[in-house]
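The values are calculated or read from the model by the stated rules, or taken from the named source; none is laboratory data. Keep in mind that what you see is a predicted model, and the values were worked out from it rather than measured. Here the Cβ positions follow ideal geometry from the backbone for every residue, glycine too, while neighbour counts run over all protein chains shown. These accessible areas exclude ligands, DNA and RNA; they are computed on the full protein's heavy atoms, side chains included. Shrake-Rupley method; radii C 1.70, N 1.55, O 1.52, S 1.80 Å.
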Amino acid sequence: MPNTYTRIVLRERPVADILPDTFSVKAASKDDLKPGSRQTLVQVTYVSLDPAMRGWLKDVRSYLPPVQIGEVMRAVGLGVVVQVGEGSKFREGDIVSGSVGWTEYAVMDDEKLQKIVPPPGASSLDFLNTLGVPGMTAYFGLYDVGKLKPGETLLVSGAAGAVGSLVCQLGKRSGARVIAIAGSPEKCAWLETELGVDKAINYKTPTFKEDLKTAIGRLDVYFDNVGGEILDLALTRLNKNARVVLCGAISAYNSENPRGLQNYMTLISQRARIEGFIVFDYTSQYPRAISELAMGLADGSIKRKFHIVEGLENAPKALLMLFSGANDGKLVVKVSNEPNVGPSKL
């Protein structure tokens, strides 16, 4: 191990867009890296970049406390156990996942880590995507909140992202008609040719609203990842007893004064329901979802792709890609190679 390691901390809270001064890169002494009882020292290999991270920077009441000024930026990631404290349930060389943050090394309580054993057809990186929080979000949001049924029409925004692309695939597997919204011709082509959606529509074209109305007709389930004007438009296309799943609102995360809904009265006339959810409420049910999704990865019926950015120091700039749509696939930062460590090598 080096004498120092790198951490990226929150320097100031952004009012609107994340700026270069939002984060600071700090060097810390390796003397801090001493696991105590039932603790584990992890060398971080990958961290996930997710839209929810923008919400963690706001000093507001939410499902998690905000990241504090001077604190390592929160992020779910993967790593390898390089040292264990007394009574730890892990062994050196174990691959683990947890909220490690933007850092090269982290001392973690055992209870906040999970050992990763990739099933056939999967890799450890899938636990930041299909078999991790994005996958669980898609699975429980669509089935538990959206209650999608065969033969229904499903509309998905942010459809080329980690969550949206899996929602599209699960929708087709469930026998639904799936209409996808994405932000480029290339993403739309991928959704149609590779994932098999019935129609993908580019929201950046001048004819988007009319194209959507023509393609969708009326919808039964809208899985919303973006909020804003697209959510408002979707509310005009509801079938009777439609369900709107509020997963995210990335179009408004950087706005000081997000636009309110104007077409909400359609919920009354169509006896429809709009509901938000937090995936962590389903933690006890994750094994069931992981087992089902893993089978799809193994037989190739569930597809995924990753956009990997090299180097922890590039995490702040890479985070901005989520809000511009510049990433192509699940966005992760590679922090390090997996170290060659294990009980036999210590």
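Only one of the numbered conditions (1) over 18 Å from I250 (Cβ atoms); (2) of a type in the set (A, V, I, L, M); (3) open to solvent by 20 Å² or more (accessible area, probe 1.4 Å) is violated by V133, and that is (1). Does R74 satisfy the condition of being within 17 Å of V9 (Cα to Cα) and either outside any strand (DSSP E or B) or not β-branched (V, I, T) (or both)? It is true that R74 is within 17 Å of V9 (Cα to Cα) and either outside any strand (DSSP E or B) or not β-branched (V, I, T) (or both).
Candidates are the residues of segment 83-109 that are of a type in the set (D, E, K, R) and surrounded by fewer than 19 Cβ atoms within 10 Å (Cβ to Cβ); the one that is farthest from N314 (Cα to Cα) is E86. Of the residues examined, A138 is one that is surrounded by 24 or more Cβ atoms within 10 Å (Cβ to Cβ), assigned to a helix (DSSP H, G or I) and out of contact with any Phe, Trp or Tyr (no Cβ under 6 Å at 6 or more places or on another chain). Would you please name the residue that is farthest from R54 (Cα to Cα), looking only at residues in segment 4-44 that are open to solvent by less than 60 Å² (accessible area, probe 1.4 Å) and part of a loop (DSSP other than H, G, I, E, B)? Per the criteria, the residue is G36.
For segment 37-68, a tally of residues being of a type outside the set (D, E) and touching a residue at least 60 places away in the same chain (Cβ under 8 Å) returns 18.
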